[in-house]
Amino acid sequence: MHAIIENFFFPIIKENLVVEINDLGTGTSQVIQKANILSLVDANRYADDLRATIEVSLEATRLASKDEFFYPRPDFEFTNDAGLTSDSFSDANLKKMQEAYAAGEVVSARLAIPILLANGKKVVGYADLFAKGSGSEIKPIYKAFRGNILIEKEKCRASQPYDVLILDIFNDDDGNELSEYMKYAEDPGHTEWKNSTLRRAPGTYAPSESWQRHAVQRFGSSFIALLSGTENQEQLVGFADDIFFVEKEVVPETPGAKSGGRGTKSGTDSPLPPDIPPPAPHCIYDEKSLTIPIRFVARQGSSLDSLDRLIVGS
């Protein structure tokens, strides 16, 4: 039950899916549907973040059923993967969105993105965004869906705090070209969107149509940036952690003391020696040179010093 609710809560709440679990041992069954999913979460004491996600999803379907979306300006069209900007919506709508977000309400937006087919025909795909502002101490929750499939490894790179964010690339009776397009960007397990997998659809889309995937993956971070009234700053989770991590504090080396323990980086505040000896001679080899060892015999009174290698052209 937990796995079903965790992975399929959105299609269940959208009433695209009803699940019945039968216990053959006891002869009992349990139906999971929109009407009882929240009570099942409460009764089984699931984590607070799952309950918050269910609540936002229920509100999202209510907003969608009444077509209560904020739409971008009529003259706005995505032309690259830059995502949303403050010019995407009218000033009046942007103000309403930010006020609702600050009040802890769920803010919804429907976005249209153009896709050029290989035959030159231009089609349009759609995605819905539902965001709830940060009003609790739970870890930010991002859920991306294509149709009824949870793309579980997709991450939102927003640096601003938020509670729940849902990206829904929905399927409808007329078909959604964006859902079809993103299908070809998924790995076989439908866990994330990758650029390389777009090659699976040769002859379907124009060669230039690869930016849409990046735009979709930035919908969430740019949407949160607009709602919070800040610039879009993508968070690079874990970036360069290994490069700049220092296990122990670096301290000057005590003269005469043995080197520190494992993980300690020794150092000194002594000045550099005035005369640094040159490096020892070494052989060099590449495709255009050849190293040949030569033995020199010095006569009395002559000086060859360190010359013991000769490099000749190939």
**Request:** Could you tell me what fraction of 2.2 N^0.38 Å the Cα radius of gyration of the stretch 14-66 comes to, as a two-decimal ratio?
**Result:** 1.32
**Item:** Length released on extending from Phe69 to Val18, taking residue separation times 0.36 nm less the Cα-Cα span
**Value:** 15.7 nm
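Using a 10 Å cut-off on Cβ atoms, rank the peptides 112-118, 51-57 from the highest mean neighbour count down.
Values: 112-118: 16.0, 51-57: 20.4.
Peptide ranking by packing, descending: 51-57, 112-118.
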**Rounded to the nearest 20 debye, dipole of the stretch 68-243 from Cβ charges on Lys, Arg, Asp, Glu** = 320
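Using DSSP to call loops (not H, G, I, E or B), can you name the trypsin sites (Lys or Arg not before Pro) in the stretch 76-181 whose Cβ has at most 15 other Cβ atoms within 10 angstrom?
Numbers: sites: Lys95, Lys96, Arg110, Lys121, Lys122, Lys132, Lys143, Arg146, Lys153, Lys155, Arg157; in loops: Lys121, Lys153, Lys155, Arg157.
Sites meeting the loop and neighbour criteria: Lys121, Lys153, Lys155.
Over every pair of different alpha-carbon atoms in the stretch 68-243, take the mean of 1/r and invert it; report that Kirkwood radius in Å.
On the way: mean 1/r = 0.0594 Å⁻¹.
Final number for the Kirkwood radius of the stretch 68-243 is 16.8 Å.
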**Complete:** In the structure shown, of Lys96/Lys194; Lys95/Lys183; Lys121/Lys183; Lys66/Lys194, the pairs separated by more than 30 angstrom at the C-alpha atoms are Lys96/Lys194; Lys95/Lys183; Lys66/Lys194
**Fill in**
Contour minus Cα-Cα span, Ser159 to Tyr126, at 0.36 nm per residue, comes to 9.4 nm
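Give me the extension gain from Asp91 to Ile138: residue separation times 0.36 nm, minus the current Cα-Cα distance, reported in nm with one decimal. Each step should come with its number before you reach the end.
Details: separation 47, 0.36 × 47 = 16.92 nm, distance 3.10 nm.
Stretched out fully, the Asp91 to Ile138 stretch lengthens by 13.8 nm.
Any read-out appearing in this document is the output of simple, stated calculations on the displayed coordinates, not a laboratory observation. Because the structure is predicted, anything quoted here is derived from the model rather than measured. In this analysis, Cβ positions are derived from the backbone assuming ideal geometry, glycine residues included, and neighbour counts consider all displayed protein chains.
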